[in-house]
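Let me give you the structure first, and then I'll get to my questions.
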Amino acid sequence: MGGEPVDLEETQMDHRQNERTSMVRHAERLVAGVERRPAGATRVRKRIVTEVVTVEVEVQREVLELEELRHTDGVLGDERARLGAVEAAELAERADGREELEEIQTVTLHRQRPVVTLETVPYEEARVLRRRVVVPHEATETVRAEHVDIQHLDVDGTVLPDFR
């Protein structure tokens, strides 16, 4: 702020002859706002996973049991009532003649076996919700402001020291 000459015509703010001169100062103000922009996409995907499941199923089957009953006169008691007279006589002849009786009867046995089927049933609903959350975010920027400095000049344009 030494004694360098300053052109008075360049530094005069107002050529009016009144006692008041004014100047408007400006300052930058940091104004923060928001804008909505896509932040990316999210895919919601259903996929199939497998697992081995074991269940126990009770099954039934038929078996043959041999039940032996004592008989009299070569014919069983229950069987005698069932056979007719001719068949009973024929049976008695064969037994006396020591012919071997060979009778074959076929009995069909039944059994159950597990039957496995798969069915698709709904068991759960998975919802995807979108919500907005507010998170504070700091915005930092350098701002500028205009300041007014007063320099006193003497008549020949030399800057005088500040007397404040």
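The values are calculated or read from the model by the stated rules, or taken from the named source; none is laboratory data. Values in this document were obtained by computation on a predicted structure and should not be read as measured data. Positions of Cβ are backbone-derived with ideal geometry, glycine not excepted, and every protein chain shown enters the neighbour counts.
Across segment 120-161, what is the number of residues that are under 30 Å from Val31 (Cβ atoms) and of a type in the set (Gly, Ala, Ser)?
2
Only residues that are on the phi < 0 side of the Ramachandran plot, among the basic types (Lys, Arg) and at pLDDT below 80: list them for segment 51-108, please.
Selection gives Arg70, Arg80, Arg82, Arg94.
Return the total of residues in segment 147-164 being more than 20 Å from Arg20 (Cα to Cα), surrounded by 10 or more Cβ atoms within 10 Å (Cβ to Cβ) and touching a residue at least 60 places away in the same chain (Cβ under 8 Å). Steps first, please.
Taking segment 147-164 first, the residues more than 20 Å from Arg20 (Cα to Cα) are 156-161.
From the residues that got through so far, the ones that are surrounded by 10 or more Cβ atoms within 10 Å (Cβ to Cβ) too are 157-160.
From what's left, touching a residue at least 60 places away in the same chain (Cβ under 8 Å): 157-159.
Count: 3.
Now a separate question. Count, please, the residues in segment 20-37 that happen to be among the small types (Gly, Ala, Ser) and within 18 Å of His147 (Cα to Cα).
2
Still on this structure: Quick check on my filter: what residues within segment 102-123 are free of Cβ contacts under 8 Å to residues at least 12 places away in the same chain and either among the β-branched types (Val, Ile, Thr) or surrounded by 10 or more Cβ atoms within 10 Å (Cβ to Cβ) (or both)?
Let us first name the residues in segment 102-123 that are free of Cβ contacts under 8 Å to residues at least 12 places away in the same chain, namely 102-106, 108, 115-123.
Scanning segment 102-123 gives Ile104, Thr106, Thr108, Val115, Val116, Thr117, Thr120, Val121.
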